[in-house]
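S.K.: So that we are looking at the same thing, I have put the structure below in structure tokens.
Throughout, read-outs are computed from the coordinates displayed, never taken from laboratory work. The shown structure was predicted, so the numbers you read here are calculated from the model rather than taken from an experiment. Glycine also receives a Cβ, built like all others from the backbone with ideal geometry; neighbour counts cover every protein chain displayed.
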């Protein structure tokens, strides 16, 4: 199963992120139709769906997240997958739109003039 393993440079960037604000991680996963557990695992040989196995993992990891001050903020089924280049392009457009909306609201309230027209 393919995975992303950050290189040293990416890991150093991650470690250098500000510690005074939340970090949001997005895990894109693919579930197996049926869970496969190694011998000796309580689920070994049982007919458990990948979705049920992942839900059990979520229940088990929740106390660890809580101890670390972390929490799951959303879980769901994506409706479409796009490439990271497309996501970056859309984000840039949305970010610009958001900035423009804030500027227009401030200008309308008499706080300041819009920076862009």
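S.K.: What three numbers, in Å, describe the spread of the alpha carbons of the range 1-78 along their principal axes, ordered from the longest?
M.R.: 44, 29, 27
S.K.: Got the relative contact order for the range 1-78 handy, in percent, Cα pairs under 8 Å and 6 or more residues apart?
M.R.: Details: 26 pairs, mean separation 13.7, N = 78.
Computed value for the range 1-78: 18 percent relative contact order.
S.K.: Now a separate question. What length, rounded to one decimal in nm, is gained on full extension from residue 77 through to residue 52, with 0.36 nm per residue of separation minus their alpha-carbon distance?
M.R.: On the way: separation 25, 0.36 × 25 = 9.00 nm, distance 1.42 nm.
Roughly 7.6 nm would be gained on extension.
S.K.: Cut-off is 10 Å between beta-carbons; in what order do 13, 28 appear when sorted fewest neighbours first?
M.R.: 28, 13
S.K.: Can you give the FRET efficiency for residue 87 and residue 8, using 1/(1 + (r/R0)^6), R0 = 22 Å, r = Cβ-Cβ distance, to the nearest 0.05? Walk me through the intermediate numbers first.
M.R.: Details: r = 24 Å, r/R0 = 1.09.
It comes to 0.35.
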